[in-house]
């Protein structure tokens with residue numbers, strides 16, 4: 001690893017990973033971040049595994065040439081499919097995905113062992129959450145469901161109202177019926193980085209008894225722990241007077257204006273189009 005490296009690299013197929021960046025910023029306020037959204041090729045969730053691996057390796061390479069000290073795969077699909085390839089290619093670099101932290105949190109939260117996971121088609125089809133949960137709790141019963149329309153609703157900003165509520169009810173209603181031996185699911189994993197912005201409407205449908213696991217928060221905590229273990233944390237004195245956006249830079253592969261407009265919903269902070277550099281992978 002380049003010892004001049006300063007920033008933490010974060011990538012996703014688009015803007016959804018900005019929910020992970022938001023959690024990272026809260027967890028690691030003294031760090032610098034460079035975020036890449038591969039907006040020209042989104043969504044990864046409907047692509048083949050071979051394409052996702054290729055795209056992830058290209059995105060990682062674009063961040064590594066910018067001398068990042070760690071790589072956060074802020075995409076459930078890429079985490080589910082491409083993490084082994086990324087770690088093999090960049091063995092000297094800390095590489096963290098969102099699946100394992102999410103599985104850890106789900107297993108810690110469940111009381112009944114009945115866990116529901118919602119994500120994109122590729123994440124659900126790949127079975128990464130199912131395997132990760134089973135490794136941690138072999139007796140767990142896991143049902144995974146692709147909720148592709150949630151991605152579109154999140155990007156359109158339709159996070160409340162009749163359309164969002166009806167979509168959430170259609171997707172999530174069957175998951176909560178007591179069809180398992182131990183009863184209905186008591187834990188729901190948001191297995192897509194777009195889904196946290198729909199948390200309020202999801203909560204309305206699932207009720208208060210279901211624990212909602214947001215892997216963005218658990219990923220940020222895992223990143224903090226790994227950076228501390230590797231002695232890579234940035235000292236507060238190294239970033240005097242830094243503002244939240246001053247500590248972040250943004251890259252996209254298409255349409256910086258759209259990235260900035262939609263991305264602000266996920267990051268929770270305004271992003272100017274001039275702050276987004278276009279690159280070609």
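The distance linking the stretch 139-216 with the stretch 46-104 is 25 Å (Cα centroid to Cα centroid, whole angstrom).
For a test of the definition: using alpha carbon positions, the gyration tensor, and the 1.5 limit on a/c, classify the stretch 19-114 as rounded, prolate or oblate. Here the stretch 19-114 falls in the oblate category. This ranking places 206, 189 by how few other beta-carbon atoms lie within 10 Å of each, fewest first, which gives 206, 189.
Using helices alone, what [θ] at 222 nm do you get for the chain, with -39,500 (n - 2.57) per DSSP H run of 4 or more residues, divided over all residues and rounded to the nearest 500?
Working: 11 runs with 121 residues, N = 281.
Roughly -13000 deg cm²/dmol at 222 nm, from the helical runs in the chain.
Taking every pair of alpha-carbon atoms in the chain, what share in percent sits in each 10 Å bin, from 0 to the bin with the longest distance? Computed distribution, short to long bins: 7, 31, 36, 20, 6, 0. Residue exposure proxy: 44, 171, ordered by other Cβ atoms within 10 angstrom of their Cβ from fewest to most, comes out as 171, 44. Axis of helix 99-109 versus longest Cα principal axis of the chain: the two differ by about 40°, to the nearest ten degrees. Judged by the mean number of other Cβ atoms found within 10 Å, the most tightly packed of the peptides 118-130, 13-25, 69-81, 48-60 leads the ranking 69-81, 13-25, 118-130, 48-60.
Determine the relative contact order of the chain: mean sequence separation of Cα pairs under 8 Å and six or more apart, normalised by residue count, in whole percent. Can you show the working numbers first?
Numbers: 548 pairs, mean separation 72.3, N = 281.
RCO, the chain: 26 percent.
Is the stretch 55-187 best put as rounded, prolate or oblate by its Cα gyration tensor, with a ≥ b ≥ c the root eigenvalues, rounded for a/c under 1.5, and otherwise prolate when a/b is larger than b/c, oblate when not?
oblate
First check a/c for the stretch 117-237, with a ≥ b ≥ c the square roots of the eigenvalues of its C-alpha gyration tensor; if it is under 1.5, answer rounded, and if not, answer prolate when a/b is larger than b/c or oblate otherwise. Note, shape of the stretch 117-237 comes out oblate. Computed on the stretch 99-215, with alpha-carbon pairs under 8 angstrom and 6+ residues apart, the relative contact order is 36 percent. Going from the fewest other Cβ atoms within 10 Å to the most, the residues 188, 226 appear in the order 226, 188.
Every number here is computed from the coordinates shown, using simple stated rules; none is lab data. Values in this document were obtained by computation on a predicted structure and should not be read as measured data. Quick reminder, even Gly has a Cβ in these numbers, built from the backbone with ideal geometry, and neighbours come from all protein chains shown.
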